[in-house]
Structure formats: structure tokens, C-alpha cells
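The values are calculated or read from the model by the stated rules, or taken from the named source; none is laboratory data. Quick caveat: nothing in here was measured; it's all calculated off a predicted structure. Virtual Cβ from ideal backbone geometry, glycine too; neighbours counted across all protein chains shown.
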Amino acid sequence: SNLERLSQKGGVCTKELVDFHPFYFFIVTYHFAGDKYDKRLSEFHIYHSTLTCFSEGLLKNKFWGVWSCCPKNWKSFSSSCYFISSKQRSWKESQENCSTMEAHLVVINSKEEQDFLTWNLNKSHDYFVGLSDPKGQRHWQWIDQTPYNQNTTFWHPGEPNRVQERCVVLNYREQWGWNDIFCAHVQSSICEMMKIYL
Ligand SMILES: [Ca+2]
Ligand SMILES: [Ca+2]
């Protein structure tokens, strides 16, 4: 079965069917066990002991695609997982925190991705994202080396406004958008990682 296939990847599905959507997917909770998993999984396991996995497919045809997984309590969208932290940290500390979880500050690649995130955010908080201008030359850089594309930016009107403000937050001002702020200011943050495929 699919659960057996998942178990063969080096884990144990202790809660078998946490939720069941007849036409779409199973959701299972996957616990690591043994030492059979691959390099990314074993590094990942140091911080995350449980994954929530989805497998899309047609039940009646007994066809199932691969399992795509996010750490327990992370949010899943497209091929990424997200962790929203309301703990207040500087930009650098926020990135370090993501890094300890095998993730990085979020890279916003599309309006759809930003809309998914803002649906889950608190309008009274500012959230650091993985965009900064390290040298104060208005050369914006994404933390994962994604090229900065002026056509996929969501700056608030009038932003970015000050060369001393070299780190970017996502916040709400009548609508959600970006603002450059001082990197040392402490704010909430969003981490992103690629989904794990089993
Ligand atoms: Ca992204
Ligand atoms: Ca600003």
C-alpha cells in the first residue's frame, strides 16, 4: 500500500490517516525511524521529527503520485513549506533561525505566493522576508540568489524610501506590500523551504 511505500523510505506512519479527502489526497503523519533515509532527510531530522505528507491521486484507480511533505505545523503551498514566526528578531537573526530549520527567509516569487502567505498573517505585525540591499546601493538581493525582478515586486507606494533601510518586511497598509526598514529592527518573520518528496 501507499503507507507501506512511505514506511520503506525510513519512517513510521504512526497516525495512519489523520484526514481523508475522498477525491484528492491522504494526509498522513510521518515519523522518522531507523537510518535508511537519504542525506537531506537525515539532516532535516535533526530539527524536525515529524512530517505531514500529502499524496494526490485517484483512489478508485489506485493511482497515487509521490508523497510531498512539510514539517508538522508548517504551511504548504505549491512546492514550498512555510513557517510563520511571531518571535521578534533582527533580519539576520531571523535568517539564522530559518537556517537552523533547514530553511531560509521567504523568497516571494509570485503574487499567488504572497497572497497565500498574507492569508495566514496578522495585519498588525511586520514580517521579514529574504530580500535585502546589503551594501546600501539599492541592489536588492534575494537570500536564495533568485534574480530580483522589478516586474515581480510588491512595494508599498513610496517604498523603498531610505538608503539606510536595507532589509525588507511584508506588512499591511490598506493592502499587503513591502517596506524597507533597518535590518537591526526586530520583527516577525517567515521561513520557506522546498517540500520534501518521499
Ligand atoms: Ca518562494
Ligand atoms: Ca521604508
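Taking (1) within 16 Å of ligand 2 (Cβ to nearest atom); (2) among the small types (Gly, Ala, Ser); (3) surrounded by fewer than 18 Cβ atoms within 10 Å (Cβ to Cβ) in turn, Ser132 satisfies each apart from (3). Taken as a whole, the condition of being touching a helix residue (DSSP H, G or I) at 6+ places or on another chain (Cβ under 6 Å) and of a type in the set (Asp, Glu) does not apply to Glu112.
Residues checked against (1) surrounded by 13 or more Cβ atoms within 10 Å (Cβ to Cβ); (2) at pLDDT 65 or above; (3) in contact with a helix residue (DSSP H, G or I) (Cβ under 8 Å, 6 or more places away or on another chain):
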residue: Leu6; (1), (2), (3): yes, no, no
residue: Leu17; (1), (2), (3): no, no, no
residue: Val28; (1), (2), (3): yes, yes, yes
residue: Glu43; (1), (2), (3): no, yes, no
residue: Ser85; (1), (2), (3): yes, yes, yes
residue: Ser90; (1), (2), (3): yes, yes, no
residue: His104; (1), (2), (3): yes, yes, yes
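Screening Cys183, Cys98 for residues that are modelled with pLDDT of 95 or more and touching a helix residue (DSSP H, G or I) at 6+ places or on another chain (Cβ under 6 Å) leaves exactly one candidate, Cys183.
Against the test of being hydroxyl-bearing (Ser, Thr, Tyr) and either touching a Ser or Thr at 6+ places or on another chain (Cβ under 6 Å) or assigned by TED's automatic domain parsing to the domain that holds Ser49 (or both), the options Ser188, Ser132 yield a single qualifying residue, Ser188.
Yes or no: segment 94-110 includes at least one residue that is over 13 Å from the mean Cα position of the chain (by Cα), within 16 Å of ligand 2 (Cβ to nearest atom) and assigned by TED's automatic domain parsing to the domain that holds Met193. There is no residue in segment 94-110 that is over 13 Å from the mean Cα position of the chain (by Cα), within 16 Å of ligand 2 (Cβ to nearest atom) and assigned by TED's automatic domain parsing to the domain that holds Met193. Does segment 112-128 include one or more residues that are more than 27 Å from Ser55 (Cα to Cα), within 16 Å of ligand 2 (Cβ to nearest atom) and of a type outside the set (Asp, Glu)? Yes, segment 112-128 has at least one match. Screening the candidates Phe154, Phe116 for the property of being surrounded by 14 or more Cβ atoms within 10 Å (Cβ to Cβ) and touching a Leu at 6+ places or on another chain (Cβ under 9 Å) yields one hit, Phe154.
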